[in-house]
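Here's the structure, in structure tokens; my notes come after.
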Amino acid sequence: MKKSGAFSLIVALMTALSACAGGQAGKTNQFEQEGQARKTIVLSVFQAHPVYSFAAKKYGERHPDVDIQIQEYSQGEGSDLEGKLEKYVNITNTELLSGKGADLISLDVSGFPVGKYVDRQALANLSEWMERDPDFDPRSYEMNILDGAKMRGGLYTLPLRFFLDSLMGDAKAIEQSGVKFDDRTWTWREFTTVGQGLAESGIHEYSMGNTPPELMLNNLFVDNYTRIVHTEKHPASFDAHAFVELMEQVRTMYADKVITDAEVSAGDYFFAPALILSPEDYFIGPAMFYEQGKIYYKPLAAGQQAGGAFVMNMTLGMNKNSKVQAEVWDFMKYLMSDEIQTMPDLQGFSVNKSVNEKMFKELQDKGAVESPMGSAIPVQKADGDRLRQMVSQAVTPQQNDSKIQAIIEEEAKAFYSGQKSAQAVADLVANRVTTYLNE
């Protein structure tokens, strides 16, 4: 009887343990099934930004069914940054154009043929996601920037941040010269006329200095990109005639002594290029160069819409062939949120309106900006209002393509040194650029 009872007890214990093990196995299988159902977003970047890592972590905590993986290409040994960049662009090109690649791609690296991605339907049209998302309120964002970033009728690249492309000038000297102009609407041709008038005052000899003509040509080419380079249809084309006009226009600037490539001391010219990376930059840059400096709108290219130019930063594109587009879009919205856009060490202005307004208010409340030299630069309400206006009215993105600009700089030297005609150089540039664009 004792043995039988003991045996029964052992059987009962084994049965109970078996049931527990079965239950635990069921839980494990369920967890594995949930793990298998978990969606993964792959974000491809050349160099990881702390903001992306933070956002991925926080988003994952709130959405346990989504795993965000950041693929950083620049990791590993070696210091050949240029070579790595080229390989990164080539690998991304191959993947995207073959219907593969990461779900979300950082497009900040120069050299990405975004137009080609759009034409080959490799990038998703984010305008469509915005339109059908009831939670997306356009009034919360700097839509002038998002509209300006559109191409082919849709938004395919989302800049989380942006810089203002402008000029800083010697406001005191310009006022003393008596020369009048409206920088909100002036063109580069008008800039030349204004520069001649300013030089006659004798205060400064040149409007701009330390600028080789091929560099100035590239500055104007960026503004005239869509007028000269046509990628809407295949094969892409290059307007050599318009480029000749641009080359001649730049030569006139130097012939009329409005611009010089000679070395000129800081502050001894009327204007200098200014890329505004923060609200503080708006005040610090002019104060560092001039006794009474001011930020001016950059002159317009022929046919360019008035409102100001901007440079996109932290720009992202969604892979059209991604299997998790809804999750990618939701993560992109999170990247535009107040929580992420107010993180420290972010350069530029935000695509989020409330974040910009907070920066403006904090600056106004301080009443001054400290210069690198330690002096206090007063912040006047009128200046703050003008900065707000420049941010809200910026409409023209700068089309930077390092390969095309390198071609222009290399070939244009022969024209400005008198070795080749403008037409000969333009034909060479057109041939090389179209070959590159149609590869």
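Brief remarks follow.
- Residue in the stretch 300-313 that is within 30 Å of T211 (Cα to Cα), assigned to a helix (DSSP H, G or I) and in the same structural domain as S201 (by the TED database) present: no
- Figure legend. Inter-residue proximity from the stretch 368-382: first residues closer than 14 Å to S278 by Cα and modelled with pLDDT under 90, second residues open to solvent by less than 80 Å² (accessible area, probe 1.4 Å) and not in a strand (DSSP E or B), beta-carbon distance below 7 Å, spacing 6+ or different chains. Indicated pairs: S371/I284; S371/A287.
- Elements of the type helices (runs of 4 or more DSSP H) sitting completely within the stretch 184-299 and holding at least 3 residues that are farther than 30 Å from P113 by Cβ: these cover 188-200, 240-255, 279-289.
- Test for Y117: is it in contact with a Lys or Arg (Cβ under 9 Å, 6 or more places away or on another chain), open to solvent by less than 20 Å² (accessible area, probe 1.4 Å) and farther than 17 Å from Y334 by Cβ: yes
- Checking A102 against (1) among the aliphatic types (A, V, I, L, M); (2) farther than 16 Å from G317 by Cβ; (3) assigned to a loop (DSSP other than H, G, I, E, B), the condition it does not meet: (2)
- Residue that is under 13 Å from Q196 (Cβ atoms) and open to solvent by 50 Å² or more (accessible area, probe 1.4 Å), where the choices are A266, A255: A255
- Hits in the stretch 191-216 (condition: within 16 Å of S177 (Cα to Cα), of a type in the set (V, I, T) and in contact with a strand residue (DSSP E or B) (Cβ under 9 Å, 6 or more places away or on another chain)): T192, I203
- Evaluation of K57 against (1) open to solvent by 60 Å² or more (accessible area, probe 1.4 Å); (2) outside any helix (DSSP H, G or I) (one fails), failing number: (2)
- Close contacts from the stretch 151-175, counting a first residue that is at positive phi and a second that is outside any strand (DSSP E or B), with Cβ to Cβ under 7 Å and a gap of 6+ residues or different chains, come to R152/V118; R152/E232.
Condition check ((1) among the hydrophobic types (A, V, I, L, M, F, W, C); (2) in contact with a Cys (Cβ under 8 Å, 6 or more places away or on another chain); (3) in the same structural domain as D67 (by the TED database); (4) in contact (Cβ under 8 Å) with a residue 12 or more places away in the chain) across all residues:
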{"residue": "N219", "(1), (2), (3), (4)": "no, no, no, yes"}
{"residue": "F243", "(1), (2), (3), (4)": "yes, no, no, yes"}
{"residue": "A255", "(1), (2), (3), (4)": "yes, no, no, no"}
{"residue": "D281", "(1), (2), (3), (4)": "no, no, no, no"}
{"residue": "K333", "(1), (2), (3), (4)": "no, no, yes, yes"}
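- Some residue of the stretch 272-294 being among the aliphatic types (A, V, I, L, M), surrounded by fewer than 18 Cβ atoms within 10 Å (Cβ to Cβ) and closer than 20 Å to Q405 by Cβ: yes
- Of all residues in the stretch 135-174, those that are open to solvent by 10 Å² or more (accessible area, probe 1.4 Å), over 15 Å from A309 (Cβ atoms) and small (G, A, S) total 3.
- Of the helices (runs of 4 or more DSSP H) lying entirely inside the stretch 325-439, those containing at least 1 residues that are of a type outside the set (A, V, I, L, M) and open to solvent by 70 Å² or more (accessible area, probe 1.4 Å) span 338-341, 353-366, 381-393, 402-416, 422-437.
- Only one entry in Q389, Q399, Q380 is in the same structural domain as L220 (by the TED database), at negative phi, over 22 Å from the mean Cα position of the chain (by Cα) and among the polar types (S, T, N, Q), namely Q380.
- Under the condition of being in contact with a strand residue (DSSP E or B) (Cβ under 9 Å, 6 or more places away or on another chain) and either open to solvent by 70 Å² or more (accessible area, probe 1.4 Å) or not in a helix (DSSP H, G or I) (or both), the residues counted in the stretch 64-90 number 10.
The values are calculated or read from the model by the stated rules, or taken from the named source; none is laboratory data. Values in this document were obtained by computation on a predicted structure and should not be read as measured data. Positions of Cβ are generated from backbone atoms using ideal geometry, with glycine treated the same way; all protein chains shown enter the neighbour counts. Heads up: the accessible areas ignore ligands, DNA and RNA and are worked out on the full protein's heavy atoms, side chains in. Shrake-Rupley method; radii C 1.70, N 1.55, O 1.52, S 1.80 Å.
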